Amino acid sequence: MPRNISAPMVASLTSNQIRPAFLAIITFRTQTVYCWTGAGNLTYNGNIYLGVGDFGKLAPITEATNVQAYSTSIELSGIDPNLLAESLTDIQVGAPASIYFALLDSSNNILGTPYPMFVGCVDKPSIQVGTKQMTISLALESKLANLQRASLRRYTSADQQLYYPSDCAFAWVESLSDQALKWAA
């Protein structure tokens, strides 16, 4: 599968020295969080990415040629346990999440356009609370995972009216179950 990697990234990858970084964008109920794997702040595309350094971990990102839903996770440690209640209410399952691979120059400027490594949504969180710090791990799943779930939609007028109030395409579906149809012989 061909990659759309920008020319400055290709030039940096073919050089003798590279400075890789991962950028993460995670949407919560109250805000969208921008963070990256280094220390300090990093500005890109009008957003300020907060450096998580050694407090953040990124699980391996799997990719293959077959159509299959893969997942990964992001972990943040060193959080004050007093923020547990706020953390639990702010996590939104199904919210968008993205991880990008970027290359930096010697001044921590991003070269070219970061490459999207994972685009999906937030799944279940896992929280470990200690006496002095808390660790939150967010499972991220690919949008292909929705193909494995059963649809909760029904072929009824009531269900259709929830999404399209003026549509009457299913108005007669319920009465069809009471019909006795005779085939001509």
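The values are calculated or read from the model by the stated rules, or taken from the named source; none is laboratory data. The structure presented is a predicted model; accordingly, all values stated were derived computationally and were not measured. In this analysis, Cβ positions are derived from the backbone assuming ideal geometry, glycine residues included, and neighbour counts consider all displayed protein chains.
Computed quantities for the displayed model
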| item | result |
| --- | --- |
| Yes/no for GLN128 being assigned to a helix (DSSP H, G or I) and either over 20 Å from LEU23 (Cβ atoms) or hydrophobic (A, V, I, L, M, F, W, C) (or both) | no |
| Unique residue being hydroxyl-bearing (Ser, Thr, Tyr), assigned to a helix (DSSP H, G or I) and either in contact with a Phe, Trp or Tyr (Cβ under 7 Å, 6 or more places away or on another chain) or touching a residue at least 60 places away in the same chain (Cβ under 8 Å) (or both) when the list is SER87, SER77, SER12 | SER12 |
| Only listed residue being within 30 Å of PHE55 (Cα to Cα), in contact with a helix residue (DSSP H, G or I) (Cβ under 6 Å, 6 or more places away or on another chain) and part of a loop (DSSP other than H, G, I, E, B), chosen from ALA69, ALA171 | ALA69 |
| Failed item, numbered, when SER142 is tested on (1) among the small types (Gly, Ala, Ser); (2) touching a helix residue (DSSP H, G or I) at 6+ places or on another chain (Cβ under 8 Å); (3) touching a residue at least 40 places away in the same chain (Cβ under 8 Å) | (2) |
| Any chance SER98 is in the same structural domain as LEU58 (by TED's automatic domain parsing), part of a loop (DSSP other than H, G, I, E, B) and of a type in the set (Ser, Thr, Tyr) | no |
| Single match in LEU76, LEU58, LEU42 (criterion: closer than 26 Å to VAL129 by Cβ, in the same structural domain as GLN133 (by TED's automatic domain parsing), surrounded by 15 or more Cβ atoms within 10 Å (Cβ to Cβ) and in contact with a Gly (Cβ under 7 Å, 6 or more places away or on another chain)) | LEU76 |
| Residues of segment 132-168 satisfying the condition of being assigned to a loop (DSSP other than H, G, I, E, B), surrounded by 13 or more Cβ atoms within 10 Å (Cβ to Cβ) and assigned by TED's automatic domain parsing to the domain that holds GLU63 | GLN133 |
| Residues of segment 108-125 that turn out to be of a type outside the set (S, T, N, Q) and outside any strand (DSSP E or B), as a count | 3 |
| Residue within segment 115-125 that is over 30 Å from SER15 (Cβ atoms), in contact (Cβ under 8 Å) with a residue 60 or more places away in the chain and surrounded by 15 or more Cβ atoms within 10 Å (Cβ to Cβ) present | yes |
| All positions within segment 18-50 that are in contact (Cβ under 8 Å) with a residue 60 or more places away in the chain and aliphatic (A, V, I, L, M) | ILE18, ALA21, LEU23, ALA24, ILE25, ILE26, LEU42 |
| Some residue of segment 159-173 being more than 20 Å from PHE22 (Cα to Cα), β-branched (Val, Ile, Thr) and at pLDDT 80 or above | yes |
